[in-house]
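One structure below.
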Amino acid sequence: MYGLIHRGLESMVTSQYGADIWKKILTNSDAGSDSFLTMRSYPDQITLSLISSASRELELSASECLEAFGEYWLLEFAPGNYNTLLESTGREPIEFLKNLDDLHDHISSAFTEFSPPSFVVDDVTEEIFFLHYRSSRKGLESFVVGLLKGLKKRFEVDIGIEVETREELEVGEHIVFKLTLPPSGRH
Ligand code: HEM
């Protein structure tokens, strides 16, 4: 993935655990100190090796680590670096999720080797929504859960998050999340 993602992880670890812990994580991973150019795409293996080294060092499971990173990305890293883009994506969670593909599309001219995820929202009732997450990768479900938890906090809406179905694709996966909003959640 793009160096931008690696920088996000570095920023989470250094701000929450300190620079020395980050150095250890980097040393014990397959990533070199040259894996952090924001606009360069690196093999996903490098990203995964940083995540697994971080989870070993922080004594978290890989899924806890991905979830914490998703929440940090949404609440700290993206607002700190791309706030205008985030603000124009939506004023409430469902509008925001419906515009997420536009957000990634918007930056795809700068990120040329980009393989962003796709998010599609189906309205089931006024309060229940199915969120279809499709990725060319496997194993990022907990990252998405962390992003969704961040979204709850960003908009201060108590959304129920459950996995409805998981489907492996030839390349990547398709996960359907069932989101349950409180009756006044969109307003
Ligand atoms: C606001 C600024 C954002 C920027 C600049 C951004 C940029 C990126 C970039 C560069 C990647 C790596 C893709 C690759 O290397 O092929 C990525 C991946 C991803 N992004 Fe975003 N993103 C942003 C916000 C969001 C938000 C708000 C969400 C969801 C709530 C999101 C969900 C994801 C997911 C799940 C991936 C992992 C890739 C996958 O699932 O295959 N992003 N994004």
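The values are calculated or read from the model by the stated rules, or taken from the named source; none is laboratory data. Predicted, not measured: the structure shown is a model, and the values here were computed from it. Cβ: placed from backbone, ideal geometry, glycine included. Neighbour counts: every protein chain shown. Side chains are part of the model used for accessible areas, which takes the heavy atoms of the whole protein and leaves out ligands, DNA and RNA. Shrake-Rupley method; radii C 1.70, N 1.55, O 1.52, S 1.80 Å.
Protection proxy ranking of 88-100, 156-168, by the mean of other Cβ atoms within 10 Å over each peptide's residues and highest first, is 88-100, 156-168.
Within the shell of other residues whose beta carbon sits under 15 angstrom from the beta carbon of E173, the net charge comes to -2, with Lys and Arg scored +1 and Asp and Glu -1. Peptide packing for 44-53, 1-10 was compared via the average number of neighbouring C-beta atoms within 10 Å per residue; ordered from the highest value, the list is 1-10, 44-53.
Structural descriptor for the range 3-59: relative contact order 43 percent, calculated from alpha carbon pairs under 8 angstrom and at least 6 residues apart. The overall shape of the range 85-187, judged from the alpha-carbon gyration tensor, is oblate: a/c is not under 1.5, and a/b is no greater than b/c.
Viscosity 0.890 mPa s, temperature 25 °C: give me the Stokes-Einstein translational D for the range 3-59 in µm²/s, with Rh taken as the Kirkwood radius over C-alpha pairs.
Details: Rh = 11.0 Å.
This corresponds to a translational diffusion coefficient of 222 µm²/s.
Using a cutoff of 8 angstrom between alpha carbon atoms and counting only pairs six or more residues apart, the relative contact order for the chain works out to 19 percent.
Could you state the accessible area per residue of the range 3-59 in Å², with a 1.4 Å probe and every protein chain left in place? Can you show the working numbers first?
Values: 3030 Å² over 57 residues.
The answer is 53 Å² per residue.
Entry note, the range 81-180: relative contact order of 24 percent, from Cα contacts under 8 Å with a spacing of 6+ residues.
Other residues lying with their Cβ under 11 Å from the Cβ of F130 contribute a combined charge of -3, Lys and Arg counting +1, Asp and Glu -1.
Sorted by accessible area with a 1.4 angstrom probe, largest first, how do W73, W22 fall?
Ranked list, largest accessible area first: W73, W22.
Restricting to DSSP H runs of at least four residues, report the calculated mean residue ellipticity at 222 nm for the chain, -39500 (n - 2.57) per run over all residues, nearest 500 deg cm²/dmol. Mind showing how you got there, number by number?
On the way: 9 runs with 87 residues, N = 187.
Counting only the DSSP helices, I get -13500 deg cm²/dmol.
Other residues lying with their Cβ under 15 Å from the Cβ of I51 contribute a combined charge of -4, Lys and Arg counting +1, Asp and Glu -1. For the range 86-159 versus the range 5-32, the inter-centroid distance based on Cα atoms is 25 Å. Going 7 Å from the Cα of N81 toward and past its Cβ, which residues in the range 5-47 have a backbone nitrogen under 11 Å from where you end up? Hits in the range 5-47 for N81 at 11 Å: 5-12, 36-40. Which pairs break 26 Å Cα to Cα here: K24/K149; K23/K149; K153/K178? Exceeds cut-off: K24/K149; K23/K149.
Our estimate of slack between T14 and Q45, defined as 0.36 nm per intervening residue step minus the Cα-Cα distance, is 9.0 nm. Here the simple spin-label model places points 7 Å from the Cα toward Cβ, and for T27 and S184 these points are separated by 5.4 nm. Expressed as a whole percent, the accessible surface of the chain that belongs to carbon and sulfur atoms is 49, based on a 1.4 Å probe. Solvent exposure of the range 81-180 amounts to 54 Å² per residue of accessible area, where only protein heavy atoms count and the probe is 1.4 Å.
Calculated FRET efficiency, F130 and E64, Cβ-Cβ r, R0 22 Å, to nearest 0.05? Using R0 = 22 Å, I get an efficiency of 0.30.
Packing-wise, with mean Cβ within 10 Å as the measure, how do 14-20, 133-139, 28-34 rank, highest first? List each step's numbers first, then the result.
Working: 14-20: 12.1, 133-139: 16.3, 28-34: 14.1.
Put in order of decreasing packing, that is 133-139, 28-34, 14-20.
Let me make sure I get this right: for the chain, a, b and c are the square roots of the gyration tensor eigenvalues over alpha carbons, sorted descending. Under 1.5 in a/c it's rounded, otherwise prolate if a/b > b/c, else oblate. Which is it? Intermediate values should be presented prior to the final figure.
On the way: a/c = 1.64, a/b = 1.60, b/c = 1.03.
It is prolate, given that a/c is not under 1.5 and a/b is the larger ratio.
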